[in-house]
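For reference, the structure is listed below as structure tokens.
The values are calculated or read from the model by the stated rules, or taken from the named source; none is laboratory data. It should be emphasised that the depicted structure is a prediction, and the values quoted were computed from it without experimental measurement. Every residue, glycine among them, receives a Cβ derived from its backbone with ideal geometry; neighbour counts consider all protein chains shown.
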Amino acid sequence: MNGSGLTVSHCLVAFALSAAAAAAVADPVTAVVADAHYPEGPLWRDGKLFYVEYATSNIKYWDGRRTAVYWHKDGCGPSALIPFNGHLLIACYDDNSLVELDANTKEVRTIRADSSGKPFTGPNDFAADARGAVGLDVEVFSPPPGQLPPRMNAAFEVS
């Protein structure tokens, strides 16, 4: 935390905007959403900056003037979002699931396990390759005492 009271994660959105404009303007980093609640996973889409707010279970966007809630799901704990076949794919860390949203924010499907039936534990982040395949990272930080987690730091391809 710095003297302004903002943590590094609070500055994530400002960094994404500043990085895009850095080549054209030599201004310092400017916070555009100073009251974000644990923001992660910035994504430019349709001229808006989308990001997750882990602490509030929201997906929000900034349109250059204001922020608004795009989607909310109690208990989701979103940690990342990524474009996926014209939809958005959301990693719900707290709910141990992936949620696919259509363009109208309708939940198309919820995925809770891999293709062999093993449940996800803490889906955390995404990455896409050149052909559009989406990779998923899951993590487990605190398994129950005396037990090994079902899977630690596994990676998957989502289809």
ask   = Across region 106-117, which residue is modelled with the highest pLDDT among those that are assigned to a loop (DSSP other than H, G, I, E, B) and surrounded by 12 or more Cβ atoms within 10 Å (Cβ to Cβ)?
value = R112
inquiry  = Looking only at strands (runs of 3 or more DSSP E) that lie completely in region 39-98, which have at least 3 residues being buried (at least 19 other Cβ atoms within 10 Å of the Cβ)?
reply    = 39-45, 48-53, 58-62, 78-84, 87-92
task = Would you please list the contacts, defined by Cβ atoms under 8 Å and residues six or more apart or on different chains, that run from a residue in region 92-117 that is of a type in the set (G, A, S) to a residue that is in a loop (DSSP other than H, G, I, E, B) and surrounded by 13 or more Cβ atoms within 10 Å (Cβ to Cβ)?
result = S97/C76; S97/R112; S97/F120; A113/F120
task = Could you list, in sequence order, all residues of region 119-129 that are over 12 Å from Y93 (Cα atoms), surrounded by 12 or more Cβ atoms within 10 Å (Cβ to Cβ) and of a type outside the set (A, V, I, L, M, F, W, C)?
result = P119
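Can A130 be described as modelled with pLDDT of 65 or more, in a loop (DSSP other than H, G, I, E, B) and of a type in the set (A, V, I, L, M, F, W, C)?
On the way: modelled with pLDDT of 65 or more: yes; in a loop (DSSP other than H, G, I, E, B): yes; of a type in the set (A, V, I, L, M, F, W, C): yes.
Taking the combined requirement at face value, the residue satisfies it.
Would you check if D95 is among the acidic types (D, E) and within 19 Å of T110 (Cα to Cα)?
On the way: among the acidic types (D, E): yes; within 19 Å of T110 (Cα to Cα): yes.
Yes.
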